[in-house]
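The block underneath contains the structure these notes are about, expressed in structure tokens.
The values are calculated or read from the model by the stated rules, or taken from the named source; none is laboratory data. Only a predicted model underlies this, so the values are computations on that prediction, with no experimental measurement involved. Virtual Cβ from ideal backbone geometry, glycine too; neighbours counted across all protein chains shown. Heavy atoms of the whole protein, side chains included, go into the accessibility calculation; ligands, DNA and RNA do not. Shrake-Rupley method; radii C 1.70, N 1.55, O 1.52, S 1.80 Å.
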Amino acid sequence: QVQLVESGGGLVQPGGSLRLSCVASGTGFSAYAMGWYRQAPGNERELVAVISRGGIINYADSVKGRFTISRDNAKKMVYLQMNSLNREDTAVYYCNAAFRSLIYWGQGTQVTVSS
């Protein structure tokens with residue numbers, strides 16, 4: 001069992017930056033692929049970035065070059081550095097842990113990009 005808690009969301013102006021953090025509790029963190037997803041009102045939840053247990057990273061095309069995902073297995077943390085934010089990045093951001101058929105979600109953190 002893994003519990004995930006996100007933090008770091010908030011209100012930011014267009015062009016600004018935020019860093020999201022996700023802390024995991026439970027065992028086996030290093031075995032999980034960790035990801036960030038987001039869901040805007042009226043939209044489906046979509047993948048933003050994922051980092052495998054081996055460090056392989058994939059990004060959604062919409063965030064490539066602006067967002068950076070990283071993980072610290074010793075601290076059971078995963079981060080999402082978000083730069084050059086725009087209004088289309090406004091959403092609830094969710095942390096995700098996946099290992100085979102096991103999938104866990106955090107409660108989400110709101111990111112609002114507005115002037």
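With bins 10 Å wide beginning at 0, the percent of Cα pairs of the chain falling in each bin runs 15, 51, 29, 6, 0. Per-atom-type breakdown for the chain gives carbon and sulfur 49% of the accessible area (1.4 Å probe, protein chains only). Modelled spin-label separation between E88 and N58, with each label point placed 7 Å from Cα along the Cα-to-Cβ direction: 2.0 nm.
Calculated accessible area for the chain comes out at 53 Å² per residue, all protein chains present (probe 1.4 Å; ligands, DNA, RNA ignored). Here the alpha carbons of region 1-69 define both size measures, Rg and Dmax, at 13.3, 38 Å. Considering only G55, G16, G42, the Gaussian network model of the chain with Cα springs below 10 Å gives its largest mean-square fluctuation to G42.
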